[in-house]
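A short worksheet on the structure shown next.
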Amino acid sequence: MTFIDPAVEQYILDHTTRHDELLAELAAETARVTGASASMQISPDEGRFLTMITQLVRPEVAVEVGTFTGYSSLCIARGLSGGRLHCFDVSEEWTSIARRYWERAGVGDRITLTLGPATETLHDLKGPVDLAFIDADKGNYPAYYELIMARMEPGGLILVDNTLWSGHVADPAKDDETTVQIREFNDLVMNDPRVTTVMLPIRDGVTMIRKN
């Protein structure tokens, strides 16, 4: 999903370091195997952004909620410099694809995958968490946010995907359940005195949240 003009989107992609053959192969397999669900995969420019942010933050502990077939986790893992990525997802089927590509990329030893509802499994995560990426079911965004925040020291960074939701959050005529859920989450973060936040128009909207 994107709200950006297609010509502008293509220009952005043309002026962002391209993904390599392995990521391109993963994107192609995801499109072939998952059908319409392939829209859940992040774009190449967002993937490059995740790698760069990880390189800048240099986390010891990174977290991803919503792994799907592994494109975003692979991008984060490649940015690690000695840290570890903990991935949380509910699908054995989709994450089995992720596991194959992690191994092929040589980053499988940096990643721990936990299957099950993250609202439950995140309780077992040991902190402190330095970097997190949330890209899962939108109704549970507030729960994931709070569980991760509780395990973060000041200076920790949370990235949240799809926070512009094809631009629907800014359209008063849109009142479907998911749009309302994302609006409520955006308001929650904006009014949280514990954090400083900036919303970026990358792909479908990425919010950067730094714990004060």
So what is the accessible area of the chain per residue, in Å², with the probe set to 1.4 Å? 47 Å²
What is the mean projected area of the alpha carbon convex hull for the range 126-172, to one decimal in square nanometres? 3.9 nm²
Estimated distance in nm for a label pair at Asp109 and Ala24, the labels positioned 7 Å out from Cα along Cα-to-Cβ: 2.9 nm
At a temperature of 4 °C and a viscosity of 1.567 mPa s, determine how fast the chain diffuses translationally according to Stokes-Einstein, using the Kirkwood radius over alpha-carbon pairs as Rh; express D in µm²/s, rounded to the nearest whole number. 75 µm²/s
With N residues in the range 159-212, Rg(alpha-carbon) / (2.2 N^0.38 Å) equals 1.11
With the chain treated as a Gaussian network of Cα nodes joined by springs under 10 Å, which of Gly79, Gly35, Gly155 yields the largest mean-square fluctuation? Gly35
At a 1.4 Å probe, what is the % contribution of carbon and sulfur to the accessible area of the range 59-171? 50 percent
Just to confirm my numbers, what's the Cα centroid distance between the range 9-43 and the range 44-103 in Å? 15 Å
Want the number for Asn212 to Asp171: 0.36 nm per residue separation, take away the alpha-carbon distance, what's left? 11.7 nm
Scoring only Lys, Arg, Asp and Glu (+1, +1, -1, -1) among other residues with Cβ under 11 Å from the Cβ of Leu159 yields -3
If you split all Cα-Cα distances of the range 121-212 into 5 Å bins from zero, what percentages do you get per bin, shortest first? 3, 14, 26, 25, 18, 9, 4, 1, 0
Over its alpha-carbon atoms, the range 1-96 yields an Rg and a Dmax in Å of 13.8, 39
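The values are calculated or read from the model by the stated rules, or taken from the named source; none is laboratory data. Small disclaimer: the values here were computed from a predicted structure and weren't measured. Using ideal geometry, Cβ is built from the backbone for each residue, glycine included, and neighbour counts are taken over all protein chains shown. To get the accessible areas, we keep the full protein, side chains included, count just its heavy atoms, and leave off ligands, DNA and RNA. Shrake-Rupley method; radii C 1.70, N 1.55, O 1.52, S 1.80 Å.
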